[in-house]
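Undergrad: Okay, here's the structure, questions in a sec.
The values are calculated or read from the model by the stated rules, or taken from the named source; none is laboratory data. Being a predicted model, the structure only gives us computed values, none of them experimental. In this analysis, Cβ positions are derived from the backbone assuming ideal geometry, glycine residues included, and neighbour counts consider all displayed protein chains. To get the accessible areas, we keep the full protein, side chains included, count just its heavy atoms, and leave off ligands, DNA and RNA. Shrake-Rupley method; radii C 1.70, N 1.55, O 1.52, S 1.80 Å.
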Amino acid sequence: TKLGRCDCLGLNPYNAVSLLGHSNGTVTMWSPSAAQPLVKMFCHRGPVQSLAADREGRQLATAGLDGQIHVWDLRTYKKLHSYWTPVPACSVDISQRGLLGVGFGSHVEVWKDALALKAKAPYLSHHTQGLRVKDIHFCPFEDVLGLGHTKGFSSLLVPGAGEPNFDTLEANPFETKRQRREAEVHQLLDKLQPEMIALDPHFIGTVDRANKQVRREESRLDKEEAESEQRRKREKRHARGRDKIGKLQKKKQFNVIESRKQDARAHMSEQREDGDVGEQSKGEVSVLDRFKVRD
């Protein structure tokens, strides 16, 4: 990526786009079929420690070593508001109901209604009694927040964090072993193709309303661009040692010799043409002419 070390990786549940946080404070968005990042966002003045996107794909929360937690609008890629922590946050997560969890030092805070609007105080705060928090995550369909620290794992009860009205056809937290096995088979059959992952997931059902001439021109331009890219790659391919000084000198000498050869060939062809003209002017020549007396 040439953007520094990647310390955190996330996923946008709305469009399945991967989110990467880099050491230069940049957040990039990737799809499996893209060779370059779809979006680049400069989010922090230090390395990005953690990031999380909400379920609807509207807000993105990022935490950096600069001690700031920024909330971004993924529709306009602009910053909505920021929060400050005494110690740089090591982990952030967003629950299904939009609660923002932040872990920093030995503290864990949960902020309610803190994404779309600026919250004044945390909804819940917890101190781990000197244990350093490593990571936090909300449990889906449950009002539980799990946190990992230096001495293991702990769980917190956070009222209103999980989704109470779930769809069993989409995700069933109370499924049996047989239902889970069948659901895995259906998920493999309905697996999304990499080409269908994009920033706007609604492009799949859209219809190209352009006329045939426009589509033909677009395909021609795409073909020319691909050919020019292949030609550029072919030209950039160098053999080993071709750019050395000795090779360059030999190449220059070869060009000089070739030019001399061409000049010599042109001179010989001119002499040959002059000789043909002289012979034609003399007339016919006989074998007995050698016995003639010459003046």
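Undergrad: Tell me, what is the percent relative contact order of the chain, built from C-alpha pairs under 8 Å that lie six or more residues apart?
TA: Computed over the chain, the figure is 9 percent.
Undergrad: Another one. Between the stretch 1-73 and the stretch 173-201, how many Å separate their Cα centres?
TA: So the separation of the two Cα centres works out to 25 Å.
Undergrad: To the nearest 20 Debye, how big is the dipole of the stretch 91-216 about its Cα centre, given +1 on the beta carbon of each Lys and Arg and -1 on that of each Asp and Glu?
TA: 360 debye
Undergrad: GNM on the chain, C-alpha springs below 10 Å: top fluctuator among 212, 79, 118?
TA: 212
Undergrad: Loop only per DSSP, at most 11 neighbouring Cβ atoms within 10 Å: give me the chymotrypsin sites (Phe, Trp or Tyr not before Pro) in the stretch 123-189, ordered by residue number.
TA: Answer by residue number: 174.
Undergrad: Still on this structure: In whole Hz and in residue order, list the ³J(HN,Hα) couplings for the stretch 135-141 that follow from phi through the Karplus curve 6.51 cos²θ - 1.76 cosθ + 1.60, θ = phi - 60°; x for Gly and Pro.
TA: 7, 9, 8, 7, 7, x, 6
Undergrad: In a GNM of the chain with a 10 Å cut-off on Cα contacts, which of 210, 63, 183 has the highest mean-square fluctuation?
TA: Evaluated over the chain, the most mobile residue of the options is 210.
Undergrad: A further question on this structure: Of 149, 176, 160, which is farthest along the charge dipole of the stretch 139-179 in the positive direction, counting Lys and Arg as +1 and Asp and Glu as -1 at C-beta?
TA: Most positive-ward Cα: 149.
Undergrad: Given a 1.4 angstrom probe, I'd like the percentage of the accessible area of the stretch 69-216 that is carbon and sulfur, rounded to a whole number.
TA: Within the stretch 69-216, the accessible surface is 54 percent carbon and sulfur.
Undergrad: Roughly how big is the chain's charge dipole about its Cα centre, with Cβ charges of +1 (Lys, Arg) and -1 (Asp, Glu), in debye to the nearest 20?
TA: In total the dipole reaches around 1300 debye.
Undergrad: If you don't mind, another one. Averaged per residue, what accessible area in Å² does the stretch 141-209 show with a 1.4 Å probe, protein chains only?
TA: Per-residue value: 80 Å².
Undergrad: Given the pairs 112/191; 112/134; 2/191; 212/233; 2/112, which span a C-alpha to C-alpha distance of over 27 angstrom in this model?
TA: Violating the 27 Å limit, Cα to Cα: 112/191; 2/191; 212/233; 2/112.
Undergrad: Sticking with this one: Using a Gaussian network model on the chain with a 10 Å cutoff between Cα atoms, which of 75, 220, 97 fluctuates the most?
TA: So, out of 75, 220, 97, the one fluctuating most is 220.
Undergrad: Amide H to amide H under 5 Å from residue 46: which residues, 5+ apart in sequence or cross-chain, H placed 1.01 Å off N in plane?
TA: Those lying under 5 Å, H to H, from residue 46 are 65, 66.
Undergrad: What translational diffusion coefficient, to the nearest whole µm²/s, does the stretch 55-94 have by Stokes-Einstein, given a Kirkwood radius computed over alpha-carbon pairs, a temperature of 25 °C and 0.890 mPa s viscosity?
TA: 232 µm²/s
Undergrad: Kindly write out, for the stretch 219-233 in residue order, the coupling ³J(HN,Hα) from the Karplus curve 6.51 cos²θ - 1.76 cosθ + 1.60 (θ = phi - 60°), rounded to whole Hz, with x marking Gly and Pro.
TA: Once θ is set to phi - 60°, the couplings for the stretch 219-233 become 5, 5, 5, 5, 5, 5, 5, 5, 5, 5, 5, 5, 5, 5, 5 Hz.
Undergrad: Could you give each residue of the stretch 153-165 its phi-based ³J(HN,Hα) in whole Hz, using Karplus coefficients 6.51, -1.76, 1.60 with θ = phi - 60°, and x for Gly or Pro?
TA: So the J values, rounded to whole Hz, are 10, 9, 10, 10, 8, 10, x, x, 7, x, 7, x, 9.
Undergrad: Note the listed values (i) 12; (ii) 49; (iii) 28, then indicate which one is percent of Cα pairs over 35 Å apart calculated from this particular structure.
TA: Step by step, percent of Cα pairs over 35 Å apart for this structure corresponds to label (ii).
Undergrad: Using only helices, what value at 222 nm comes out for the chain when you add -39,500 (n - 2.57) per DSSP H run of length 4 or more and divide by the total residues, to the nearest 500 deg cm²/dmol?
TA: For the chain, the value works out to -9000 deg cm²/dmol.
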